[in-house]
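Right, one structure below, let's go through it.
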Amino acid sequence: MSQRIRTSLLSCSRRFISGGKSQSAQISETVSASAANPIPFASTDAADKDSAPVNSKFVFDDRYPVRNDWAREEIRSVYNKPLLELVYHGATAHRIYFDPRQVQRCTLLSIKTGGCPEDCKYCSQSSKYDTGVKAERLMEFEAVLKKANEAKEAGSTRFCMGAAWRGVSQVGPRQFGRVLNMVSEIRGMGMEVCATLGLLNKEQAVALKEAGLTAYNHNLDTSKEYYANVITSRAYGDRLKTLENVREAGISVCCGGIIGLGEKHEDRVSLLHTLSTMPEHPESVPVNALVANEGTPLEKAKPVGVWDLCRMIATARVVMPRSMVRLSAGRVSLSQAEQALCFMAGANSIFTGDKLLTTPNPEFDSDDSMMQTLGLVGKPPFFYEEAYEKRQA
């Protein structure tokens, strides 16, 4: 890349973080900033005691580096940019780290539905609310494998299994052993395998790793500040501890949140700040729009608009540029054009199949049509532990 083009790109990114000013002021600031800080999104405040150390060995591109020292004010500045400008930067960061034509198709199956003792106000599977979802037993091994095969044949390269448990310790070793067998068998099919089973201790995380689990999903749902308005039966710190156990076991972390819970924009900024200042960014960041389930306390919540989704996706892409950003729950309400805008903003994964746990979701054929129309192709599986082991070497 020529020095002239490089300087132009750096200048563009600096204008993005600094806001609109006169051309002469921008030129003056660009010259002085270049000497002081050649990386446009990298903090120069070494005295920021609240920041984690920069994960500098993973900086692949100096316009949108992989950082772990984001200040909340910086993320707020990114989040509040004019939407089209923000989408442009999300799209640019996406193209630096990923093939923009590739969208990973994932399938999420509820292998144990209903009867959950938690009180998450958005969830149709909570035993605290009358939602019409009945408690069921853990699915049989062969039935789960059949669903995984169907998903693979339909183009999914990641298969995720969800159980409505507080955590693995709630159900004991027998049922957990059945899940471990499912993980091993599905991994043997050449698919990424993800699970979301609630709280995990260190030993349980290691057992999942040894069974071949690729990723573990445990969302933070919302900001630490707003969390108690949504969930009281599980502490925020418990979620963070489970993520720590997963990471230490060498399993890929899948962690994101839900918008539309009644939170403010600042809560969304706070959630992204928590995710982007983890010791290592989550490999996957699901962005969910609330699906208001009848019978839950949030059944009358205002629907989330596509502009809010795009803003969340694009900001996540800028501050965690190497993560998979997954357009997750709520996609069924979006048109193909609205989904295309989300892909442009930086999303590069979807969940496909007629249900997302218990909520409606676009079916395989519908997604086939959309991907063909948009010129998108599926993303092959990626096995995190191979990269993890290389980093430890």
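The values are calculated or read from the model by the stated rules, or taken from the named source; none is laboratory data. The structure displayed is predicted, hence computed values, not measured ones. Because the Cβ atoms are built from the backbone with ideal geometry, glycine has one as well, and the counts that use them run over all protein chains shown.
Return yes or no: is VAL183 at pLDDT 95 or above and either at positive phi or in contact with a Leu (Cβ under 7 Å, 6 or more places away or on another chain) (or both)?
yes
Please go through the range 272-314 and give me each residue that is in a helix (DSSP H, G or I) and either under 23 Å from LEU108 (Cα atoms) or without any contact (Cβ under 8 Å) to a residue 40 or more places away in the chain (or both), ordered by number.
LEU275, VAL306, LEU309, CYS310, MET312, ILE313
For the range 141-163, give me each residue that is in contact with a Lys or Arg (Cβ under 7 Å, 6 or more places away or on another chain) and in a helix (DSSP H, G or I).
Of everything in the range 141-163, just one residue is in contact with a Lys or Arg (Cβ under 7 Å, 6 or more places away or on another chain) and in a helix (DSSP H, G or I), namely PHE141.
Look through the range 176-213, keep the residues that are out of contact with any Ser or Thr (no Cβ under 6 Å at 6 or more places or on another chain) and of a type in the set (Val, Ile, Thr), and return whichever of them is surrounded by the most Cβ atoms within 10 Å (Cβ to Cβ).
Step by step, filter the range 176-213, then rank; the result is ILE186.
Look at the range 222-251 and say how many of its residues are touching a Phe, Trp or Tyr at 6+ places or on another chain (Cβ under 7 Å) and either in a strand (DSSP E or B) or under 21 Å from VAL183 (Cβ atoms) (or both).
3
Scan the range 111-127 residue by residue and report those that are of a type in the set (S, T, N, Q) and within 20 Å of PHE176 (Cβ to Cβ).
THR113, GLN125
How many residues, within the range 315-346, are of a type in the set (Gly, Ala, Ser), farther than 15 Å from GLY257 by Cβ and not in a loop (DSSP other than H, G, I, E, B)?
4
State yes or no: is GLU185 closer than 26 Å to LYS152 by Cβ, assigned to a helix (DSSP H, G or I) and either within 22 Å of the chain's Cα centre (by Cα) or acidic (Asp, Glu) (or both)? Please lay out each step first, then the result.
Numbers: closer than 26 Å to LYS152 by Cβ: yes; assigned to a helix (DSSP H, G or I): yes; either within 22 Å of the chain's Cα centre (by Cα) or acidic (Asp, Glu) (or both): yes.
For GLU185, the condition - closer than 26 Å to LYS152 by Cβ, assigned to a helix (DSSP H, G or I) and either within 22 Å of the chain's Cα centre (by Cα) or acidic (Asp, Glu) (or both) - is met.
Return the only residue of GLY190, GLY177 being part of a loop (DSSP other than H, G, I, E, B) and out of contact with any Phe, Trp or Tyr (no Cβ under 9 Å at 6 or more places or on another chain).
When all the criteria are applied, what remains is GLY190.
Considering only residues that are among the small types (Gly, Ala, Ser) and surrounded by 20 or more Cβ atoms within 10 Å (Cβ to Cβ), look in the range 120-150 and name the one that is modelled with the highest pLDDT.
Filtering the range 120-150 for residues that are among the small types (Gly, Ala, Ser) and surrounded by 20 or more Cβ atoms within 10 Å (Cβ to Cβ), the one modelled with the highest pLDDT comes out as ALA148.
Can you name the number of the only condition in (1) buried (at least 19 other Cβ atoms within 10 Å of the Cβ); (2) over 19 Å from the mean Cα position of the chain (by Cα) that VAL171 fails?
VAL171 satisfies every listed condition except (1).
Does GLU338 satisfy the criteria of being under 27 Å from GLY132 (Cβ atoms) and of a type outside the set (Gly, Ala, Ser)?
Considered against the rule, which asks whether it is under 27 Å from GLY132 (Cβ atoms) and of a type outside the set (Gly, Ala, Ser), GLU338 comes out as no.
Conditions tested, residue by residue: (1) closer than 15 Å to LEU109 by Cβ; (2) touching a strand residue (DSSP E or B) at 6+ places or on another chain (Cβ under 7 Å).
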position	(1), (2)
GLY132	no, no
ALA154	yes, no
ASN201	no, no
ALA215	yes, yes
SER223	no, no
ALA228	no, no
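I'd like the full set of residues that are in contact with a Gly (Cβ under 6 Å, 6 or more places away or on another chain) and either free of Cβ contacts under 8 Å to residues at least 40 places away in the same chain or assigned to a loop (DSSP other than H, G, I, E, B) (or both), limited to the range 80-133.
GLN125, SER127, TYR129, ASP130, THR131, VAL133
Quick check on the range 101-119: of everything there that is polar (S, T, N, Q) and crowded, with 18+ Cβ neighbours inside 10 Å, which residue is farthest from the chain's Cα centre (by Cα)?
Within the range 101-119, the match that is farthest from the chain's Cα centre (by Cα) is THR113.
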